[in-house]
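Colleague: Pasting a structure below so you can have a look.
The values are calculated or read from the model by the stated rules, or taken from the named source; none is laboratory data. On a predicted model such as this, the values are computed, not experimentally measured, just so you know. No Cβ is skipped: glycine too gets one built from the backbone with ideal geometry, and neighbour counts run over all protein chains shown.
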Amino acid sequence: MKWYDAVISGAGPAGCSAALSLSRKGYRVLLFDKARFPREKICGDGVTAASTELLEEMGVLELLRQRPGSLNAFTGATFVSPGGAVVQGRILQNGALQGGSYVIARTDLDECLVTRVKEHASITFLDNTEVTGLVMEGDRARGVRTSAGEFSGGVVIAADGAYSPIAKQLDLWNRDKRQQGFAMRAWFSGVEGLGDSIELCYDKAMLPGYGWIFPAGERRANVGVFLLPRFTDQRSTKRLFESFVKENAFAASRLKRAVMEPGTLKSWPLPFGSFAGRRGRGNVLLAGDAGSFIDPITGEGIYYALKTGRYAAEAVAHALERNDESAALSRYEQLWRGEFSTRIYFPGYAFQHFMNNEWFVETFMRYTARKQHRADLLADVVAHNRKRRDLFKLLNPFY
Ligand SMILES: Cc1cc2nc3c(=O)[nH]c(=O)nc-3n(C[C@H](O)[C@H](O)[C@H](O)COP(=O)(O)OP(=O)(O)OC[C@H]3O[C@@H](n4cnc5c(N)ncnc54)[C@H](O)[C@@H]3O)c2cc1C
């Protein structure tokens, strides 16, 4: 049986990022996905500047530029309070990043990721092949069991999304309700008044979640609701989606003559990042949604998938150089915790509580709307273009 340095389950942003990083370091990779590409991924399709920097480095943005209509740039973020106050922030006013922000249909984005993967001779990519679990040898994973048989490798990276069978087998599936989001989205055509801003409506019924309208081309938008089951009953998602579209004054004005594209109304969970729990066991690492890394206040997950895929690759390379597979996990823990724990997750969970209070959200939005530099700061933070802790400046009445 052919031997691989790493076996990766899932070829979404996390799996492709890990495979490309490992291949560039000279390792042999076996990558599986149960789907055939192009395939759909239920998403809001908002890609922040932090993500596009990584996509540019991977050569993926270059491919997207060659597909007319796939990159829908946005330069602002509009926030609407429960009482209807509107905050219009501009992105990249104070931020440090140079990447652009786009709405990109995941069918296109993920197909371009896979196209880059296929160019590398050191990556064997098997699509239409489902990974069903790990093949264990004592405490160590020898490889994976799939719909096409068993395959072996030095290290396994699970990048197979929110329902990862590997995370489940290792009992590392995140079931903590406090760390779960849930979202429903659909595509609409004939949307009125779209500009070059993404729009987030903090509807009273969804706090601390929100409803979104992300412009994606000529009078077309990705529309959805992002809920936190810890605060809002997940079973009412469809009702909240319908009432957002029809009854939220801001959304209803955009969508009054719009038509929902058939078959596009779908929902999916968002596993949030947190400090608790290791993201792997032995020689198995969990990346992207399989490891729970999504931002708990915005729902952004593409950046965390791309970045944890890259961190997993760095950790695997670190371990293989030392001929010690078990060193991968400690290195991986060091890398992701160093970047996300206190900078993203700590302020994220703190803000969830503030944003669950309607009075707070109304006061906060009205205060932010009064000065352009405050609105820009909020847009820049939500667009992942500025440090999360800067949000706390907006709690200072003299800012
Ligand atoms: C409704 C909604 C809206 C969202 N909006 C945004 C947004 O606007 N911006 C943003 O940044 N994030 C958003 N997110 C989060 C984002 O979609 C995810 O965080 C991101 O896709 C995670 O990437 P991933 O590679 O970890 O997993 P995925 O993108 O889920 O990819 C996993 C891959 O694994 C494959 N797979 C699954 N099981 C198996 C198996 N058993 N064997 C083999 N392959 C398997 C799947 O086919 C898939 O290709 C949203 C999420 C939802 C649900």
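Colleague: Looking at (1) more than 24 Å from the chain's Cα centre (by Cα); (2) in contact (Cβ under 8 Å) with a residue 24 or more places away in the chain, which is the only condition GLU137 fails?
Modeller: (2)
Colleague: So which of ASP160, ASP196 is buried (at least 19 other Cβ atoms within 10 Å of the Cβ) and among the charged types (D, E, K, R)?
Modeller: After ruling out the rest, the residue left standing is ASP160.
Colleague: Checking the condition away from the ligand (no atom under 11 Å from the Cβ), over 30 Å from ALA315 (Cβ atoms) and of a type in the set (Val, Ile, Thr), which residue from VAL191, VAL135, VAL225 passes?
Modeller: That would be VAL191, the only listed residue that is away from the ligand (no atom under 11 Å from the Cβ), over 30 Å from ALA315 (Cβ atoms) and of a type in the set (Val, Ile, Thr).
Colleague: One residue is enough: does region 35-42 have a residue meeting the conditions more than 16 Å from the ligand (Cβ to nearest atom) and either in contact with a strand residue (DSSP E or B) (Cβ under 6 Å, 6 or more places away or on another chain) or touching a residue at least 40 places away in the same chain (Cβ under 8 Å) (or both)?
Modeller: no
Colleague: Looking at (1) modelled with pLDDT under 95; (2) surrounded by 23 or more Cβ atoms within 10 Å (Cβ to Cβ); (3) hydrophobic (A, V, I, L, M, F, W, C), which is the one condition that is false for PHE354?
Modeller: (2)
Colleague: Next question. State which residue pairs qualify: first residue touching a residue at least 40 places away in the same chain (Cβ under 8 Å) and inside region 335-347, second residue polar (S, T, N, Q) and in a helix (DSSP H, G or I) in any location, beta carbons under 9 Å apart, and separation of 6 or more residues or different chains.
Modeller: Between residues of region 335-347 that are touching a residue at least 40 places away in the same chain (Cβ under 8 Å) and residues that are polar (S, T, N, Q) and in a helix (DSSP H, G or I), the close pairs are TRP336/THR308; PHE340/THR308.
Colleague: Please state which one of VAL155, VAL191 is at pLDDT 95 or above, part of a strand (DSSP E or B) and of a type in the set (Val, Ile, Thr).
Modeller: Matching residue, one of VAL155, VAL191: VAL155.
Colleague: In region 299-341, how many are more than 12 Å from ARG279 (Cβ to Cβ) and either in contact with a Lys or Arg (Cβ under 9 Å, 6 or more places away or on another chain) or among the aliphatic types (A, V, I, L, M) (or both)?
Modeller: Qualifying residue count for the region: 14.
Colleague: Looking at (1) within 14 Å of the ligand (Cβ to nearest atom); (2) surrounded by 19 or more Cβ atoms within 10 Å (Cβ to Cβ); (3) among the aliphatic types (A, V, I, L, M), can you tell me which one ALA148 breaks?
Modeller: Evaluating ALA148 over (1) within 14 Å of the ligand (Cβ to nearest atom); (2) surrounded by 19 or more Cβ atoms within 10 Å (Cβ to Cβ); (3) among the aliphatic types (A, V, I, L, M) leaves (2) as the failure.
Colleague: Would you pick out the residues in region 158-188 that are without any contact (Cβ under 8 Å) to a residue 12 or more places away in the chain and either outside any loop (DSSP other than H, G, I, E, B) or in contact with a Ser or Thr (Cβ under 9 Å, 6 or more places away or on another chain) (or both)?
Modeller: Of everything in region 158-188, those that are without any contact (Cβ under 8 Å) to a residue 12 or more places away in the chain and either outside any loop (DSSP other than H, G, I, E, B) or in contact with a Ser or Thr (Cβ under 9 Å, 6 or more places away or on another chain) (or both) turn out to be LYS168, TRP173.
Colleague: While we're looking at this one, here's another question. Under 6 Å between Cβ atoms, which residue pairs at least 6 apart in sequence (or on different chains) link something in region 269-285 that is among the polar types (S, T, N, Q) with a partner that is surrounded by 23 or more Cβ atoms within 10 Å (Cβ to Cβ) and assigned to a strand (DSSP E or B)?
Modeller: If the second residue must be surrounded by 23 or more Cβ atoms within 10 Å (Cβ to Cβ) and assigned to a strand (DSSP E or B), the pairs left are ASN283/ALA141; ASN283/VAL155.
Colleague: Moving to a separate point now. Residue check, PRO68 against (1) touching a residue at least 12 places away in the same chain (Cβ under 8 Å); (2) over 30 Å from ALA375 (Cα atoms); (3) not aromatic (Phe, Trp, Tyr), all met but one. Which one?
Modeller: All conditions pass for PRO68, except number (1).
Colleague: Tell me which residues, restricted to region 299-314, are surrounded by fewer than 24 Cβ atoms within 10 Å (Cβ to Cβ) and more than 8 Å from the ligand (Cβ to nearest atom).
Modeller: Within region 299-314, LYS307, ARG310, GLU314 meet the criteria.
Colleague: Given TYR367, TYR399, which one is part of a loop (DSSP other than H, G, I, E, B) and of a type in the set (Phe, Trp, Tyr)?
Modeller: The conditions single out TYR399.
Colleague: Filter region 287-298 for residues that are more than 25 Å from MET206 (Cα to Cα) and near the ligand (Cβ under 7 Å from one of its atoms); which is surrounded by the most Cβ atoms within 10 Å (Cβ to Cβ)?
Modeller: Of everything passing the filter in region 287-298, ALA287 is surrounded by the most Cβ atoms within 10 Å (Cβ to Cβ).
Colleague: With the checklist (1) within 12 Å of the ligand (Cβ to nearest atom); (2) in a loop (DSSP other than H, G, I, E, B); (3) polar (S, T, N, Q) in hand, flag the one item SER267 doesn't pass.
Modeller: Checking SER267 against (1) within 12 Å of the ligand (Cβ to nearest atom); (2) in a loop (DSSP other than H, G, I, E, B); (3) polar (S, T, N, Q), the one that fails is (2).
Colleague: May I pose another question? Please determine whether any residue of region 225-232 is among the basic types (Lys, Arg) and either assigned to a helix (DSSP H, G or I) or over 30 Å from SER341 (Cβ atoms) (or both).
Modeller: Checking region 225-232: not a single residue is among the basic types (Lys, Arg) and either assigned to a helix (DSSP H, G or I) or over 30 Å from SER341 (Cβ atoms) (or both).
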